[in-house]
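Visitor: Let me give you the structure first, and then I'll get to my questions.
The values are calculated or read from the model by the stated rules, or taken from the named source; none is laboratory data. As the structure is a computational prediction, the values presented were derived from the model and not from experiment. Don't worry about glycine lacking a Cβ; one is built from the backbone with ideal geometry, like all the others, and counts go over all protein chains shown. The area values use the complete protein model at the heavy-atom level, side chains included, leaving out ligands, DNA and RNA. Shrake-Rupley method; radii C 1.70, N 1.55, O 1.52, S 1.80 Å.
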Amino acid sequence: MTIATPAPRGGLTRLRWALADGWVITRRDLAHWARQPAQFFIGLLFPVMVVLIFAYMFGGGMVIPGGGDYREFLMPGMFAMTMVFGIEATFTAVSADAARGVTDRFRSLPMAPSAVVTGRGVADMLNSAAALAVMIACGLAVGWRWHEGPGAALAAVGLLLLLRLALLWAGIYLGLVLRNPEAVVALQILVWPVGFLSNTFASPATMPGWLGAIAEWNPMSATVSATRELFGNPGWGGDTWAAQHARLMALAWPLLLLVIFIPLSVRRYQRLGR
């Protein structure tokens, strides 16, 4: 693997140097997945199984307010859930590299300080884009369709990837903080409530008041509602502020998470080993 030469001077030159080093780390992570493709397909197995179970086993008993096809209602939620659960792969890989000393070895090399975290981020986003494409193909196979034209559909895909980008940086930070397997397993368990405590499968209005409020303001719920609107698929509706401004919240939540976790990740990476 080629590592860049010692840091050059000059703003533009330093940027090119950082991008080149980040791409080296990206290629390293992509090479790992190419040699072990089972990890990618195992990660997709759960959401695909949930789609099949709900679409063919439970879908007949589901009633959507205002009518509509349950599979078209289900799929935007499953797209978002795939993006949310991708955080597990991020913090597990980052934590494993940190625990094995791989991150420390990278830090000792003459490479851009940002390369390790940005390289991991680019690799995970490419992986997530591929996973989303597979889920969209799965949705088309079970009868899901979008109805608002290609522009709105691309905007929905953009919101899904924006959510993944925000959670990616949260995952990088958590992976740098949690450097033992026990903590990683505990964190993996906590990811599940985030995915299911949302409007993916049930309306927050049917939940107890405090629980429904948490589900309503879950960043994932905002993305699910916004993508249902953009795809032209049926949704739960609702008269709360969060429900009425789903597209705004689907932008605001990820941007807020990025503002918080990018600086935290960079600062934590710089302080490793201290």
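Visitor: Could you tell me which numbered condition Ala129 fails, if it satisfies all but one of (1) surrounded by 17 or more Cβ atoms within 10 Å (Cβ to Cβ); (2) of a type in the set (A, V, I, L, M); (3) more than 25 Å from Pro181 (Cβ to Cβ)?
Guide: Ala129 satisfies all of (1) surrounded by 17 or more Cβ atoms within 10 Å (Cβ to Cβ); (2) of a type in the set (A, V, I, L, M); (3) more than 25 Å from Pro181 (Cβ to Cβ) except (1).
Rundown of residues vs (1) in a loop (DSSP other than H, G, I, E, B); (2) over 30 Å from Arg107 (Cα atoms); (3) open to solvent by 60 Å² or more (accessible area, probe 1.4 Å), yes/no style:
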position: Leu211; (1), (2), (3): no, yes, no
position: Ala215; (1), (2), (3): no, yes, no
position: Ala222; (1), (2), (3): no, yes, no
position: Thr227; (1), (2), (3): no, yes, no
position: Leu256; (1), (2), (3): no, no, yes
position: Phe261; (1), (2), (3): no, no, no
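Visitor: While we're here: Considering only region 229-245, state which residues are under 18 Å from Leu74 (Cβ atoms) and part of a helix (DSSP H, G or I).
Guide: Result: Glu229, Leu230, Phe231.
Visitor: Something else: Mind checking which pairs have a first residue in region 152-171 that is closer than 14 Å to Leu230 by Cα and a second that is open to solvent by 30 Å² or more (accessible area, probe 1.4 Å), Cβ under 6 Å, 6 or more apart or different chains?
Guide: Ala153/Trp146
Visitor: On the basis of being of a type in the set (A, V, I, L, M, F, W, C), assigned to a helix (DSSP H, G or I) and out of contact with any strand residue (DSSP E or B) (no Cβ under 9 Å at 6 or more places or on another chain), does Met111 make the cut? Talk me through it step by step, then tell me what you get.
Guide: On the way: of a type in the set (A, V, I, L, M, F, W, C): yes; assigned to a helix (DSSP H, G or I): no; out of contact with any strand residue (DSSP E or B) (no Cβ under 9 Å at 6 or more places or on another chain): yes.
Answer is no for this residue.
Visitor: For region 89-112, which residues satisfy the criterion of being surrounded by fewer than 19 Cβ atoms within 10 Å (Cβ to Cβ) and under 23 Å from Phe40 (Cβ atoms)? Give the derivation first.
Guide: To start, the set of residues in region 89-112 that are surrounded by fewer than 19 Cβ atoms within 10 Å (Cβ to Cβ) comprises 96, 99-102, 104-105, 107-110.
If the condition is that a residue be surrounded by fewer than 19 Cβ atoms within 10 Å (Cβ to Cβ) and under 23 Å from Phe40 (Cβ atoms), then Ala96, Ala99, Arg100, Val102 are the ones that fit.
Visitor: All but one of (1) farther than 16 Å from Met83 by Cβ; (2) touching a residue at least 24 places away in the same chain (Cβ under 8 Å); (3) within 22 Å of the chain's Cα centre (by Cα) hold for Gly238; state the number of the condition that does not hold.
Guide: If we test Gly238 against (1) farther than 16 Å from Met83 by Cβ; (2) touching a residue at least 24 places away in the same chain (Cβ under 8 Å); (3) within 22 Å of the chain's Cα centre (by Cα), just (3) comes out false.
Visitor: Find the residue count for region 68-88, including only residues that are without any contact (Cβ under 8 Å) to a residue 40 or more places away in the chain and surrounded by 22 or more Cβ atoms within 10 Å (Cβ to Cβ). Show your work before the answer.
Guide: As a first pass, look at region 68-88 and keep what is without any contact (Cβ under 8 Å) to a residue 40 or more places away in the chain: 70.
When the remaining residues are screened for being surrounded by 22 or more Cβ atoms within 10 Å (Cβ to Cβ), the result is none.
Of the residues in that region, 0 qualify.
Visitor: Please go through (1) touching a His at 6+ places or on another chain (Cβ under 9 Å); (2) closer than 30 Å to Val177 by Cβ for Phe231 and return the number of the only condition it doesn't satisfy.
Guide: It fails just one condition, (2).
Visitor: Looking at Ala246, is it open to solvent by less than 20 Å² (accessible area, probe 1.4 Å), modelled with pLDDT under 90 and at negative phi?
Guide: Values: open to solvent by less than 20 Å² (accessible area, probe 1.4 Å): yes; modelled with pLDDT under 90: no; at negative phi: yes.
No: the conditions fail for Ala246.
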